[in-house]
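The values are calculated or read from the model by the stated rules, or taken from the named source; none is laboratory data. Fair warning: this is a prediction, and the values are worked out from it, not measured in the lab. Counting neighbours? That spans all protein chains shown, and the Cβs are built from the backbone with ideal geometry, glycine included. Keep in mind that these areas ignore ligands, DNA and RNA; they rest on the heavy atoms of the full protein, side chains included. Shrake-Rupley method; radii C 1.70, N 1.55, O 1.52, S 1.80 Å.
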Amino acid sequence: METLHTTLLIIGGGPGGYVAGIRAGQLNVPTILVEGASPGGTCLNIGCIPSKALIHAADEFCKARSYAAETSPLGITGSEPRIDLERTVAWKDGIVKKLTGGVGALLKKNGVKLVEGWATILDGKTVEVRQEGDAEASVRIRCEHMLLAAGSVPVELPFMPFGGPVISSTEALSPSGVPQRLVVVGAGYIGLELGTAYRKLGAQVTVVEAADRILPAYDADLVKPVAAALGRLGVELRLGTSVLGMDGSNVRVRDASGVEALLEADCVLVAVGRKPRTTGWGLENLMLDMDGRAIKVDNQCRTSMRNVWAIGDLAGEPMLAHRAMAQGEMVAEIVSGKRRHFEPAAIPAVCFTDPEIVVVGMSPLDADKAGIEIVTANFPFSANGRAMTIESTDGFVRVVARKSDHRIIGWQAVGGAVSELAAGFTQSIELGAQLEDIAGTIHAHPTLGEAVQEAALRALGHALHI
Ligand SMILES: Cc1cc2nc3c(=O)[nH]c(=O)nc-3n(C[C@H](O)[C@H](O)[C@H](O)COP(=O)(O)OP(=O)(O)OC[C@H]3O[C@@H](n4cnc5c(N)ncnc54)[C@H](O)[C@@H]3O)c2cc1C
């Protein structure tokens, strides 16, 4: 068997692994990246990008249907629209292909060798790579540094395994048709993003959630406009309800008072979370320290074994593509000899629900728990001109700042298109901005960004437009 030698070996070509590869290549670190499926990982192939494509297609279809129903206040009417899902999926696949092809090209441009196949770890410096379907490994790779970036997999319910009508987000992103009745198990961001899209495509959607509200990880005020919009769309929410399993083609559930019911379903999307991919590739041979289900790392993404690093979903929460990328870039720089630490002031998180939610840094509740005295203020989109013109006045921007020096420690927003505010929010926290900095910055009119400035002004006691 051929043996390759390299300085940096990256296992997994998702956002964490491929960004590490590009940066290592830029810094002239000899690098090999092993990827078993497709470059771009979960994010580009079966996660962030395809889900946003499907959400966009569903939005457009839903809008066109409102024109046909003559319910649009804009005065637009039209004839009954149809959707050819095969073309929709082909369009989505085209975007994925363009992006994953781009990743391959960037790795090549930066001199990173891409080895296609599944890596099995033999020891902290050696892996063997097997092509899909082959029993024997075809190549052995020895390295000085091993970067583990194998990502995560969807959590399966043991009493409701994936297969047949029970699907994960992966299958939900390549539909061959719209099910008449879809039950979504889990009201986290993946379940709600996809459940909303399917509702807009015409399915009857029921969301079952064990907690007593949707998006349990987000604060109640932020979630209210999303819950209201789901109600208007006709998505049925069964909160405080546990799934017990399949009963024929029905889903058996039990509510908080112990009453059982059967929900008719043509398809069941299980979206109860993701877990680090820690089995099936020899990781146990390294006997690394773990942090729950994830690999334990320090603030440089070092594991408990020298020169073995772990990043992204494999290294636990928050399981977000941009965090994986930032960690990958950092590890490449450390391996090249630079001094770096992973200590971001804040990592933004976005739910691409309708309306969208963005959170960065601390909420008032987080600050309270941390014993920080704060000033906080909301500015509602109902008082923002741009929001009115895009028919999205439900929601608000909230700022959280330290009382002592007005330094901003958190932003939250809910509303149409607020995901685009995440950049400014995160920059202001990373740069150590105070309320006065944001209040004194001229924001373009008419934009949603004016609500950001107004929230800061309001926290200072002199908002102008409310
Ligand atoms: C439906 C959905 C929507 C999402 N939306 C968003 C979003 O909007 N924003 C966001 O920030 N995040 C989103 N995420 C999460 C995001 O996709 C992940 O946080 C991100 O992909 C993690 O990157 P990673 O590099 O750690 O791992 P991954 O992207 O999971 O990549 C790991 C790669 O390693 C490969 N691999 C694993 N084991 C081996 C092996 N032994 N040998 C060779 N290759 C191997 C896998 O094939 C995979 O390509 C979403 C996820 C899903 C499922």
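The table that follows gives values for the structure above.
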| item | result |
| --- | --- |
| Residue ID - nearest to Pro175 (Cα to Cα), chosen from residues in region 238-279 that are in a loop (DSSP other than H, G, I, E, B) and charged (D, E, K, R) | Asp266 |
| Subset of region 369-395 (residues that are open to solvent by 20 Å² or more (accessible area, probe 1.4 Å), in contact (Cβ under 8 Å) with a residue 60 or more places away in the chain and outside any helix (DSSP H, G or I)) | Val375, Thr376, Asn378, Pro380, Glu391, Asp394 |
| Cross-chain or 6+ apart pairs with Cβ under 6 Å, region 273-299 first and open to solvent by 80 Å² or more (accessible area, probe 1.4 Å), then of a type in the set (Asp, Glu) | Lys296/Asp289 |
| Test result for Lys92, farther than 27 Å from Thr279 by Cβ and open to solvent by 70 Å² or more (accessible area, probe 1.4 Å) | no |
| Test for Gly78: is it open to solvent by 30 Å² or more (accessible area, probe 1.4 Å) and touching a Phe, Trp or Tyr at 6+ places or on another chain (Cβ under 8 Å) | yes |
| All positions within region 143-200 that are assigned to a helix (DSSP H, G or I) and away from the ligand (no atom under 16 Å from the Cβ) | Arg199, Lys200 |
| Residue in region 293-309 that is under 18 Å from Pro158 (Cα atoms) and part of a strand (DSSP E or B) present | no |
| Cross-chain or 6+ apart pairs with Cβ under 8 Å, region 1-17 first and among the hydroxyl-bearing types (Ser, Thr, Tyr), then outside any helix (DSSP H, G or I) and away from the ligand (no atom under 15 Å from the Cβ) | Thr3/Arg142; Thr6/Pro30; Thr6/Arg142; Thr6/Glu144; Thr7/Val29; Thr7/Pro30; Thr7/Glu144; Thr7/His145 |
| Residue satisfying all of: in region 61-75; over 28 Å from Asp93 (Cβ atoms) and of a type in the set (Gly, Ala, Ser); least open to solvent (accessible area, probe 1.4 Å) among these | Ser72 |
| Filter result (open to solvent by less than 30 Å² (accessible area, probe 1.4 Å) and in a helix (DSSP H, G or I)) within region 316-366 | Ala321, Arg323, Ala324, Gln327, Gly328, Met330, Val331, Ala332, Glu333, Ile334, Val335 |
| Enumerated helices (runs of 4 or more DSSP H) restricted to region 1-113, each holding at least 1 residues that are within 16 Å of the ligand (Cβ to nearest atom) and either more than 30 Å from Pro175 (Cβ to Cβ) or over 24 Å from the mean Cα position of the chain (by Cα) (or both) | 15-26, 85-109 |
| Cross-chain or 6+ apart pairs with Cβ under 6 Å, region 32-52 first and of a type in the set (Val, Ile, Thr), then within 6 Å of the ligand (Cβ to nearest atom) | Val34/Ile11; Val34/Ala119; Thr42/Gly14; Thr42/Gly151 |
| Members of region 33-60 that are closer than 24 Å to Glu128 by Cα and surrounded by 23 or more Cβ atoms within 10 Å (Cβ to Cβ) | Leu33, Val34, Glu35, Pro39, Gly40, Gly41, Thr42 |
| Selection within region 114-137 - part of a loop (DSSP other than H, G, I, E, B), more than 13 Å from the ligand (Cβ to nearest atom) and of a type outside the set (Asp, Glu) | Gly124, Lys125, Gly133, Ala135 |
| Count of region 203-217 residues which are in contact (Cβ under 8 Å) with a residue 40 or more places away in the chain and open to solvent by 10 Å² or more (accessible area, probe 1.4 Å) | 2 |
